[in-house]
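Asks: After the structure tokens below, expect a handful of questions from me.
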Amino acid sequence: MMSRSLCFLFMSLGAGLHLKPVLSGPRLAYRGSQVQFECKVPDWLSPLTFELWKDTEGLIATEHNINVTFDLQVTEGSEGEYSCRVTNGGLSSNTIPFQTVNPHPPLLYEGQKLVLRCEVRKGTHLSFSWFHNQQQVNPSSGLYRINADTLTVDSAGERHAGIYSCMAENQVTVNPRFSSSPNIQVIVKKHISQLSASLWVWWDGAALQANISCAVASGSPPLLFTLLLDGRQLEQKHVDALSSSFSVPILMGQDLGSARCRAQTDTRTLLSDPVHLHVVPVGGAVHVMLTYLHDVNAMTEAALLKCVPERGTFPQFSWSVNHSSLPAGGDAHAVSDRGQILILTDINSGYYRCCVRDSFNESSVWLESAEVFVQRTDPALPSMEVIALVFCGFLSMVIVGGSIFMFWNIERKNHTCKQHSNQCVQTDRVISVNAPAADVSPEPQTLEMKAVIMEFEA
């Protein structure tokens, strides 16, 4: 049994050594751009290690996958013949002769350096003037640096794009001569940034389709968009725009994995966050969450209602009040989050309910929530008159209670003195002889009181 396994393993490895890959890619590209060569073995479904070779340099790069893509930054030294092969002595693929050319018109991206030189075949004592879009360039503007016959932009931007020309003039006082150059167009592109992927589904009458939309926030077309599913390339599109979309058949409840978008230009490659291709139908219980919004004075300003179904990937929402349908917008209410949230800016008491169904299936059944009663719930704050009345009553109780306590204390001391008169007299004498009289302030005593603030919670 073990010998059979070893024999099978040897046969598999031996077959891998004779796999002949196929290399595809461009034959001509602008210097400064970025190109891709793709290497794969037809009808092979297991990952392999591929090598990219150049006739004058040997091994350039190595990648491991079922089919691989080699990115190449194009320079003058990129010219030559390219091929690929499976590692460990595999067969070589077809060869691709690759040439490079200077871009025409001059093409650069934001942040790159631009240098223009005004060449004169003959002449002495020359001065130079530069023009951008038929306006003479002002060296003091800070947008350019001019040194004799050279105009330099250290960090190009979109405002530097346009038509340039130069004029050479001799500085001879007698019969001065000048000559103008032909116009040259300079293109300045923006780098792509912030690639995003979004998903929505629709029913085409026969099957459920998933639409994956890929878009960059900024940049200059054209772009190459690629749809990846769990790392595998599904489809590519060259577009003269900043967005593109792909369609994938999908089954309800089936988890197809994670999809990503890839956007590429000559100089940059971006990868989006993954989008989960799993569509769950709307179902289960539907609840409405109610929240009152108050101002700084605890007055009710608005009510927020949120419709929450138990499950569902692409729900569609509808609202009703007192069994009447509520339109999407109005003077006293608004909806957000694709209708999931209802905001009441002018609260009228009533019974509110939400309904939900699948947005991609108009024949699906609406699921209803229980009714929720909404009313204005401002707390009954006490008026100033009530506060003053309560304070006066409290102060009167303090005065009356204090008077009763003082009267009771005096009576108790008199009663004690009647029973022990000698002791009382002697005590009075001792106080008058040995103790100085207590300082009695003519000012009335201050009564400290703490105000109690009552907080009301709606």
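The values are calculated or read from the model by the stated rules, or taken from the named source; none is laboratory data. Just so it is clear, the model here is predicted, and its values are computed rather than measured. Neighbour counts run over all protein chains shown; Cβ positions are idealised from the backbone, glycine included. All accessible areas refer to the heavy atoms of the entire protein, side chains included, with ligands and DNA or RNA removed. Shrake-Rupley method; radii C 1.70, N 1.55, O 1.52, S 1.80 Å.
Asks: Give the residue that is farthest from the chain's Cα centre (by Cα), with candidates limited to residues of the stretch 18-44 that are charged (D, E, K, R) and crowded, with 16+ Cβ neighbours inside 10 Å.
Replies: The selected residue is LYS40.
Asks: Now for a different question. Let me spell it out: the conditions are (1) in contact with a Gly (Cβ under 9 Å, 6 or more places away or on another chain); (2) closer than 30 Å to ARG353 by Cβ; (3) of a type in the set (S, T, N, Q), and THR265 meets all of them except one. Which number is the exception?
Replies: It fails just one condition, (2).
Asks: Next question, about the same structure. Could you list, in sequence order, all residues of the stretch 135-157 that are charged (D, E, K, R) and in contact (Cβ under 8 Å) with a residue 24 or more places away in the chain?
Replies: ASP149, ASP154
Asks: Looking at the stretch 61-98, which of its residues are out of contact with any helix residue (DSSP H, G or I) (no Cβ under 9 Å at 6 or more places or on another chain) and more than 17 Å from VAL22 (Cα to Cα)?
Replies: First pass over the stretch 61-98, keeping only residues out of contact with any helix residue (DSSP H, G or I) (no Cβ under 9 Å at 6 or more places or on another chain): 61-71, 73-85, 87, 89, 91-97.
Those that are out of contact with any helix residue (DSSP H, G or I) (no Cβ under 9 Å at 6 or more places or on another chain) and more than 17 Å from VAL22 (Cα to Cα): GLN73, VAL74, THR75, GLU76, GLY77, SER78, GLU79, GLY80.
Asks: Can I ask one more? What number goes with the only condition from (1) open to solvent by 80 Å² or more (accessible area, probe 1.4 Å); (2) under 30 Å from ASP204 (Cα atoms) that PHE373 does not pass?
Replies: Checking PHE373 against (1) open to solvent by 80 Å² or more (accessible area, probe 1.4 Å); (2) under 30 Å from ASP204 (Cα atoms), the one that fails is (2).
Asks: Just to be sure, is PRO315 in contact with a Pro (Cβ under 7 Å, 6 or more places away or on another chain), over 30 Å from HIS238 (Cα atoms) and without any contact (Cβ under 8 Å) to a residue 60 or more places away in the chain?
Replies: Yes: the conditions hold for PRO315.
Asks: Which residue, of ALA206, ALA263, ALA285, ALA197, is exposed (fewer than 15 other Cβ atoms within 10 Å of the Cβ), part of a strand (DSSP E or B) and either under 19 Å from the mean Cα position of the chain (by Cα) or on the phi < 0 side of the Ramachandran plot (or both)?
Replies: Sole residue among the options that is exposed (fewer than 15 other Cβ atoms within 10 Å of the Cβ), part of a strand (DSSP E or B) and either under 19 Å from the mean Cα position of the chain (by Cα) or on the phi < 0 side of the Ramachandran plot (or both): ALA285.
Asks: When only residues in the stretch 213-238 that are of a type in the set (A, V, I, L, M, F, W, C) and under 24 Å from LYS190 (Cβ atoms) count, which is surrounded by the most Cβ atoms within 10 Å (Cβ to Cβ)?
Replies: Top of the filtered list is CYS214.
Asks: Condition first: open to solvent by 80 Å² or more (accessible area, probe 1.4 Å) and not acidic (Asp, Glu). Now tell me which residues in the stretch 45-67 satisfy that.
Replies: The first filter runs over the stretch 45-67 and keeps only residues open to solvent by 80 Å² or more (accessible area, probe 1.4 Å), leaving 45, 55-57, 59, 63-64.
If the condition is that a residue be open to solvent by 80 Å² or more (accessible area, probe 1.4 Å) and not acidic (Asp, Glu), then LEU45, THR56, LEU59, HIS64 are the ones that fit.
Asks: Which count do you get for residues in the stretch 170-194 that are within 21 Å of ARG159 (Cα to Cα), more than 33 Å from the chain's Cα centre (by Cα) and part of a strand (DSSP E or B)?
Replies: The total comes to 3.
Asks: While we're looking at this one, here's another question. Looking only at the stretch 84-106, which residues are open to solvent by less than 60 Å² (accessible area, probe 1.4 Å), within 17 Å of ASN67 (Cβ to Cβ) and outside any loop (DSSP other than H, G, I, E, B)? Outline the logic, then answer.
Replies: Filtering the stretch 84-106 for residues open to solvent by less than 60 Å² (accessible area, probe 1.4 Å) gives 84, 86-87, 90, 92-93, 96-98, 100-101, 103, 105-106.
Among the residues that remain, those that are also within 17 Å of ASN67 (Cβ to Cβ) are: 84, 86-87, 90, 92-93, 96.
Scanning the stretch 84-106 gives CYS84, VAL86, SER92, ILE96.
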